[in-house]
Amino acid sequence: MSEDMNISDILTEQIDRLFSNEITAKVWAAAEDGNFATALWQEITAMGVTSALVCESAGGAGLSWVDVEPVLRLCGRHAAPVPLGETMLAAWNLANAGLEIPEVPLAISPSVWQLDVKGRVSGIDPLIAWAPQLEYVVGVARSAGKQHICLLRIADIQAIALQTYERIPAAKLNIEHVVPVQIGDAPHIGKLGLKPHLATLRSVQMAGALDRILALCVEYGNTRVQFGKPIGKFQAIQHMIAELAGHTAAAQVAGLYACRQIATGIPADAEFGAAIAKTRLGSAATRATAIAHQVFGAIGVTDEHQLHYFTRRLWQWRAEAGSEHEWAQYLGRQAFDAGSAMLWDRLARHAAA
Amino acid sequence: MSEDMNISDILTEQIDRLFSNEITAKVWAAAEDGNFATALWQEITAMGVTSALVCESAGGAGLSWVDVEPVLRLCGRHAAPVPLGETMLAAWNLANAGLEIPEVPLAISPSVWQLDVKGRVSGIDPLIAWAPQLEYVVGVARSAGKQHICLLRIADIQAIALQTYERIPAAKLNIEHVVPVQIGDAPHIGKLGLKPHLATLRSVQMAGALDRILALCVEYGNTRVQFGKPIGKFQAIQHMIAELAGHTAAAQVAGLYACRQIATGIPADAEFGAAIAKTRLGSAATRATAIAHQVFGAIGVTDEHQLHYFTRRLWQWRAEAGSEHEWAQYLGRQAFDAGSAMLWDRLARHAAA
Amino acid sequence: MTTPFNFQPLELPAELLTLRREVRAFLADASSEWTGRDVGHSWTGFNREFSLEVGRRGWIGMTWPKRYGGHERSGLERYVVVEEMLAVGAPVGAHWFGDRQSGPLLLRMGTEAQRERFLPLIAQGKAAFCIGLSEPDSGSDLASLRSRATRVDGGWRLNGRKVWTTNAHLCDVMIGLFRTGGPAETEKHKGLSQFLIDMRASGIDVRPIRDLTGEAHFNEVTFDDVFVPDDMLVGREGEGWAQASAELAFERSQPDRYMSCFPLLPPAMDKLQELRLDDRLAERRLGESIAEMVVMREMSLSILGQLEAGRSPGQEAALVKDLGNTYEQRMPELVRELIDAPARINPDDRLSDLLGFLTQTVPTFSLRGGTREILRGIIAKGLGLR
Amino acid sequence: MTTPFNFQPLELPAELLTLRREVRAFLADASSEWTGRDVGHSWTGFNREFSLEVGRRGWIGMTWPKRYGGHERSGLERYVVVEEMLAVGAPVGAHWFGDRQSGPLLLRMGTEAQRERFLPLIAQGKAAFCIGLSEPDSGSDLASLRSRATRVDGGWRLNGRKVWTTNAHLCDVMIGLFRTGGPAETEKHKGLSQFLIDMRASGIDVRPIRDLTGEAHFNEVTFDDVFVPDDMLVGREGEGWAQASAELAFERSQPDRYMSCFPLLPPAMDKLQELRLDDRLAERRLGESIAEMVVMREMSLSILGQLEAGRSPGQEAALVKDLGNTYEQRMPELVRELIDAPARINPDDRLSDLLGFLTQTVPTFSLRGGTREILRGIIAKGLGLR
């Protein structure tokens, strides 16, 4: 355990150093213009982090979701323009299903596809980030009530490019009778497929982006001078940034909470955790973007400043893999179905043990 | 017209002077303890204001709703512990139906009762302010699609005393086969009965209460010293009070808007105006009570300060005669039914002319 | 009864309905070509052709004297035209600043020659104006600006930088505020003057500022020894601060301060009815939005009436802008929740395109024309908080 | 990776479930007698019988050494008891302040004699404590307080006034903060000391302060030459400010800072299902409330873990209180909208009674234990805003 902790800490530090050195506004702009950050990706894979979640017997580092949460959060904190989190999740799911992991960046799908008797997959994915630039997508297909992990070749699928808030290449996938490159059983996956995993990833990324936004606001508050003093001396600005800090703290806790729930290995836990995190992160993101742009004034919406690379990602991520409203509705419905007498028990989530 | 204005101005001034002189925290407390403010009521009736809306041919002052709006607002600004607004509305409706006006304070009902073939009235009123202390209630009863204004004797009705936020005596009325003291046609009344009138009265009263709360907050901000200076010098307090001022201004405009819509004489206008006002006032009241108590701190919730006599009335009035949520839903449903192409037209309310 | 503000109502006369219908018919036609993004831009969208057509119809400079190309119509008539344009998000940016701000400024403060030269061009939609106020180091703190006009033979030499000037790259004339007196440190509010600046003058460099929507309708304008002749000074030398502040106060209560997001509502209603999501949630949130909008419009109309009567309702205008911006800023979120908007922006779908654009631009709505913090400070002071 | 705060998670061990079930069974029984208003009061509700019973079960002073009447159980066990009590709004006020605040203070700072005398009484539910901090002229500005303790032979004489002391009229002992050094004007934070004060001592006058709910559980306590013996000084003379501040920081992250309105939710859910109003609006707002609550509880647990480990997460606790109060304050409005609550308060209906009480009391939730303004100032400072 303490050895695991060390690997996790070392990995986090390495990734932080790499991202701090390599990721600049230029890199973001290039990625948004459609240029894949190949050099950055090679450095990442060289570190072995893409298979961090994969068990050691399958050649991975065997880390838990709790261990890798800091790395996923860094992906948000640096708005890393690479599908690192997606690839880690995809690799983990492939390995859990006993499949081989291609050594390339991977997309993942939050939808549940259909698997027909001839072993072909069909389904629609309204939006898959990175799909236009990648070879494969990993997702879950269902047949006769059983879930399967599938690896599909994107070239076999009709992919329609889409515009998003973050402007990272994304596509709608119309999957029609596609034979998977690989397919395997997925008893560890619940009815919602990989959606809780992706929702958790996005939540943790949002927590990272919020952390960065908070740091940017504090720095700006201390340096921008108006009316003869740094704006951070004005009580109105202080209170806005304090509110932002509250959301940022809650975001971190919520993201990690979702990771902890996936780590129990019980699909219902993973779904509950994702629902809690995505709901809380959505409201945090909405309030945080408003506060940050108010603190920064007009400068914050210009390309001369980094802020919008983070606020646009928050607008994107809160909507992906189920919006905060969708997940809140899921939580509310579940609570109603379980009945009021169970509400506190469900919240305390202690009796479940 | 300019003579009308003068009567209205004079009346407003007289009432303001009377209320300023006579209404103290002692008077509020007595009213909340169940003692009717008989002396105050006598002074009010001596001014002839209860029949201000009644046409001159019926012995009234023939003022319009727009003319009396300032008086109704004063009822809120001073939290006047008398059913003055209710009596004015009741008298106006009785006169419009060609009925006689009893020279006593009157309650009014926002429900629509049923009138049977034997001329008896039945219905339930979930809450009528002042009912336990008054002799009569005025309301609308329907039979065969026709509306009638009725004057009922409260002694003929089962009245169950209720607790409220404002603690002014109120009751639920179970009306069973009661023969009205008077009954008359009410072609000027729409399907919602007197509810739009009462909702408008409550809105205007709320605007008055907000006005007072704003004044109290400004005064307190300038006098209460903390950390060596008046709290009104702190930006956080200034901004809260500025926000309160915005709601107060909107409240005044909304209340008067509803009065102007009643003044057109078209029931659909009266309903629209009441819906706009009650919806807007509800959100203003909710935000204003939160701000005011935050500004005042603990002192504001004690009996040593007037504040709570106004905040409790806001909590009460926003819920009476249709809550802001009920009226918002009414507005939304109407807008959906009319269709999106009519939305702007309905808002601008100019094409309707 | 004393209240700290005055909002006596203004009823629009029934006869203005004819004008309203005329404008509406014109816009019903014109709007078919606009994308969601165009509609989102509205008064920041620059469409010279459209402005020329609006000018031909006599809907620019409506209240100005005929001798300056105006139409001597009432402020109420102008209001009807403006709100009809904003209700559909018409691309009025090419004439907006001239019609709303610079034209009235020249009428109040300009020389006869300035009026004769510029007002007819504005009214025809031919001269597009922009405003040069903010500088890199003076956002909310306008009085701290440093760009300087130095007296030279026959005029002035301008040096410095202006930022956030909307559509400067497309405009013909800027009204710019420059320091003509002592330095900002010692004479903050004093010694500023307004100039009419030909945007084609040599020494002017306009650099686009790309913003988060991927567009560049903001600009940075650099002045390098730009010559402005004497007769292009507006009003009095050294009085620029007061003149510009008066302009800001005027614009604060206008419909563009609460209607920027209104065009979202009708397509959102359609979508909701199509998806059968016109439920309790949608009804209530739509109803609240309607109530707030109606009340704000009444407030704005009241201020119009007061301005027409020659009063200066500065407090009231600040209140309306603060309320209006808060209202506008909430609307994209409101619509997003109600329709369960997906994670993409679809340029082929007007609602999606508009929602995507406004989500990214509403944060600036409480910055332009005085930030929320500035406004609330003004309001608090006006209430007598010492 | 640097973040300005630390919230590593704390998992409650599975074996605590037994304790949780025990408490829950006890409360299921006891709660049948409580009115909506009782539930609304919760930790401000004084019920000596209930506290004696809780004491008998060993649920007060749980973490204290056995030699002081404690039970040497873990902070986690105490947390389970506390949150179960708050989840049903149990009337814990008679032992709350002693258990949460005064007992721990005596353990940290008290003399051996003080511990031996008071802690066992608190743990049995026999000694009810109250806190004397605020004064009429010092609300948020605690350091400005003026009540004074003057050295006399064998002890001190107290003079002055304390306000907002919850349940002072029912309590046995007050821990009061008095000025023992120079005047407030020159020595704000210096020269304050804490005393254990017998509420039956002569010279103490307790006057109820009636509040907006019609009750009087706040009090004004006047001290007229009240004698306090030397051995009732708590901690060090002149260090009272630091001692009291540490107490405040401890209490800020506890469940009472976000759970005060929780008991509204279950009956509201029943009502909604009964009325078939468990629609999209209700599902979403309930779901949001659940998500926020779960996250706040995780934050609170994390702080508990840090306190147990001997750290002082002051920033984190301030953040949780600010979030928690905002959350609590919204809940009555939320429930009111969802169930379409009528304009009356029905004491015979638990939900109506509770909603009526909380609507009137939530405004004070962001005042008690440090106002929102004070907390946000602390947070901003902690973030490095200079």
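If I go through region C:167-211 residue by residue, how many of them are in a strand (DSSP E or B), of a type in the set (D, E, K, R) and closer than 17 Å to C:SER144 by Cβ?
Count: 1.
Output the residues belonging to region A:303-338 that are among the small types (Gly, Ala, Ser) and within 14 Å of chain D (Cβ to nearest Cβ).
Of everything in region A:303-338, those that are among the small types (Gly, Ala, Ser) and within 14 Å of chain D (Cβ to nearest Cβ) turn out to be A:GLY322, A:SER323, A:ALA328, A:GLY332, A:ALA335, A:ALA338.
Can you tell me which residue among A:ARG312, A:ARG287, A:ARG349 is open to solvent by 10 Å² or more (accessible area, probe 1.4 Å) and at pLDDT 95 or above?
None of the others qualify; the one that does is A:ARG287.
Tell me the residue from B:ALA254, B:ALA275 that is crowded, with 24+ Cβ neighbours inside 10 Å, under 25 Å from C:ALA380 (Cβ atoms) and modelled with pLDDT of 95 or more, please.
B:ALA254
Take D:GLU298 and tell me if it is at pLDDT 95 or above, closer than 30 Å to D:GLN8 by Cα and under 20 Å from the mean Cα position of the chain (by Cα).
It is true that D:GLU298 is at pLDDT 95 or above, closer than 30 Å to D:GLN8 by Cα and under 20 Å from the mean Cα position of the chain (by Cα).
Is one or more of the residues making up region A:61-80 assigned by the TED database to the domain that holds A:GLU135, among the acidic types (Asp, Glu) and either over 28 Å from A:ASN96 (Cα atoms) or at pLDDT below 95 (or both)?
The answer is no, given that none of the residues of region A:61-80 is assigned by the TED database to the domain that holds A:GLU135, among the acidic types (Asp, Glu) and either over 28 Å from A:ASN96 (Cα atoms) or at pLDDT below 95 (or both).
Within region A:181-212, restricting attention to residues that are open to solvent by 20 Å² or more (accessible area, probe 1.4 Å) and not in a strand (DSSP E or B), which residue is farthest from A:GLY119 (Cα to Cα)?
Selected residue: A:ARG212.
Just checking, how many residues over region A:131-175 are modelled with pLDDT of 95 or more, more than 22 Å from the chain's Cα centre (by Cα) and in a loop (DSSP other than H, G, I, E, B)?
Here the count works out to 1.
A:ASN222: closer than 27 Å to A:ARG312 by Cα, in contact (Cβ under 8 Å) with a residue 40 or more places away in the chain and open to solvent by 10 Å² or more (accessible area, probe 1.4 Å), yes or no?
The answer is no for A:ASN222.
Kindly check whether there is at least one residue in region C:170-192 that is among the polar types (S, T, N, Q), more than 14 Å from chain A (Cβ to nearest Cβ) and either closer than 25 Å to C:GLY314 by Cβ or open to solvent by 40 Å² or more (accessible area, probe 1.4 Å) (or both). I'd like the intermediate steps shown before the answer.
If we filter region C:170-192 for residues that are among the polar types (S, T, N, Q), which is where we start, we get C:180, C:186.
Retained after the next criterion (residues that are more than 14 Å from chain A (Cβ to nearest Cβ)): C:180.
Filter once more, so that each one left must be either closer than 25 Å to C:GLY314 by Cβ or open to solvent by 40 Å² or more (accessible area, probe 1.4 Å) (or both): none.
No, because not a single residue in region C:170-192 is among the polar types (S, T, N, Q), more than 14 Å from chain A (Cβ to nearest Cβ) and either closer than 25 Å to C:GLY314 by Cβ or open to solvent by 40 Å² or more (accessible area, probe 1.4 Å) (or both).
For region C:325-341, does any single residue satisfy the condition of being part of a loop (DSSP other than H, G, I, E, B) and on the phi < 0 side of the Ramachandran plot?
Yes, some residue in region C:325-341 is part of a loop (DSSP other than H, G, I, E, B) and on the phi < 0 side of the Ramachandran plot.
Assuming B:LYS146 fulfils every condition listed in (1) closer than 19 Å to B:ALA129 by Cα; (2) surrounded by fewer than 24 Cβ atoms within 10 Å (Cβ to Cβ); (3) of a type in the set (Lys, Arg) apart from one, which condition is it?
All conditions pass for B:LYS146, except number (1).
For the structure I just gave you, tell me whether D:THR186 is more than 30 Å from C:ARG336 (Cα to Cα), out of contact with any Leu (no Cβ under 7 Å at 6 or more places or on another chain) and at pLDDT 90 or above.
no
If I filter region C:88-111 for residues that are touching a Pro at 6+ places or on another chain (Cβ under 9 Å) and within 30 Å of C:ASP349 (Cα to Cα), do I get at least one hit?
yes
Any residue at all in region C:279-292 that is away from every other protein chain (no Cβ under 11 Å), in a loop (DSSP other than H, G, I, E, B) and modelled with pLDDT of 90 or more? Talk me through it step by step, then tell me what you get.
Step one: filter region C:279-292 for residues away from every other protein chain (no Cβ under 11 Å), giving none.
Checked against the condition, which is being away from every other protein chain (no Cβ under 11 Å), in a loop (DSSP other than H, G, I, E, B) and modelled with pLDDT of 90 or more, region C:279-292 yields no hits at all.
Within region C:227-235, identify whether any single residue is open to solvent by less than 10 Å² (accessible area, probe 1.4 Å), in contact (Cβ under 8 Å) with a residue 40 or more places away in the chain, more than 14 Å from chain B (Cβ to nearest Cβ) and assigned to a loop (DSSP other than H, G, I, E, B), and answer yes or no. Quick ask: steps written out before the conclusion?
First, pick out the residues of region C:227-235 that are open to solvent by less than 10 Å² (accessible area, probe 1.4 Å): C:228, C:234.
Going one step further and asking which of them are in contact (Cβ under 8 Å) with a residue 40 or more places away in the chain, we end up with C:228, C:234.
Narrowing further to those that are more than 14 Å from chain B (Cβ to nearest Cβ): C:228, C:234.
Checking which are assigned to a loop (DSSP other than H, G, I, E, B) leaves us with none.
So far as region C:227-235 goes, no, none of its residues is open to solvent by less than 10 Å² (accessible area, probe 1.4 Å), in contact (Cβ under 8 Å) with a residue 40 or more places away in the chain, more than 14 Å from chain B (Cβ to nearest Cβ) and assigned to a loop (DSSP other than H, G, I, E, B).
Within region C:70-83, count every residue that is more than 14 Å from every other protein chain (Cβ to nearest Cβ) and either open to solvent by less than 30 Å² (accessible area, probe 1.4 Å) or within 18 Å of the chain's Cα centre (by Cα) (or both).
So the first thing to find is which residues in region C:70-83 are more than 14 Å from every other protein chain (Cβ to nearest Cβ), and the list is C:70-75, C:78.
From what's left, either open to solvent by less than 30 Å² (accessible area, probe 1.4 Å) or within 18 Å of the chain's Cα centre (by Cα) (or both): C:70, C:75, C:78.
Total satisfying the criteria: 3.
For D:SER42, state whether it is surrounded by 15 or more Cβ atoms within 10 Å (Cβ to Cβ), assigned by the TED database to the domain that holds D:ARG115, under 30 Å from A:TYR257 (Cα atoms) and in contact with a Gly (Cβ under 7 Å, 6 or more places away or on another chain).
For D:SER42, the condition - surrounded by 15 or more Cβ atoms within 10 Å (Cβ to Cβ), assigned by the TED database to the domain that holds D:ARG115, under 30 Å from A:TYR257 (Cα atoms) and in contact with a Gly (Cβ under 7 Å, 6 or more places away or on another chain) - is met.
Are there any pairs, at least 6 apart or on different chains, whose C-beta atoms fall under 9 Å, with the first in region D:369-386 and under 17 Å from D:LEU142 (Cβ atoms) and at the interface with chain A (Cβ under 8 Å from one of its Cβ atoms) and the second hydroxyl-bearing (Ser, Thr, Tyr) and not in a helix (DSSP H, G or I), and if so, which?
Taking only residues 6 or more apart or on different chains, the pairs are D:GLU373/D:SER140.
Of a type in the set (S, T, N, Q) and within 27 Å of A:PHE310 (Cα to Cα) - does that describe any residue in region C:179-190?
no
Provide a single number: the residues in region C:215-231 that are under 23 Å from C:ALA94 (Cα atoms), touching a strand residue (DSSP E or B) at 6+ places or on another chain (Cβ under 7 Å) and not aliphatic (A, V, I, L, M).
5
Has region C:369-379 got any residue that is under 21 Å from C:TRP164 (Cβ atoms), surrounded by fewer than 23 Cβ atoms within 10 Å (Cβ to Cβ) and hydroxyl-bearing (Ser, Thr, Tyr)?
yes
Looking only at region D:340-363, count every residue that is open to solvent by 20 Å² or more (accessible area, probe 1.4 Å) and either in the same structural domain as D:ASP38 (by the TED database) or not acidic (Asp, Glu) (or both) and tell me the total. Break it down into steps so the answer makes sense when it comes.
Here is the first cut: in region D:340-363, the residues open to solvent by 20 Å² or more (accessible area, probe 1.4 Å) are D:340, D:342, D:344, D:346-350, D:352.
When the remaining residues are screened for being either in the same structural domain as D:ASP38 (by the TED database) or not acidic (Asp, Glu) (or both), the result is D:342, D:344, D:346-347, D:350, D:352.
Residues meeting the conditions: 6.
Just one of the numbered conditions (1) more than 14 Å from chain A (Cβ to nearest Cβ); (2) surrounded by 17 or more Cβ atoms within 10 Å (Cβ to Cβ) is not true of D:ARG48; which one?
Unmet for D:ARG48, out of (1) more than 14 Å from chain A (Cβ to nearest Cβ); (2) surrounded by 17 or more Cβ atoms within 10 Å (Cβ to Cβ): (2).
The values are calculated or read from the model by the stated rules, or taken from the named source; none is laboratory data. Everything numeric here is computed off the predicted structure, so don't read it as measured data. Cβ: placed from backbone, ideal geometry, glycine included. Neighbour counts: every protein chain shown. We work out accessible area using only protein heavy atoms, side chains counted, and drop any ligands, DNA or RNA first. Shrake-Rupley method; radii C 1.70, N 1.55, O 1.52, S 1.80 Å.
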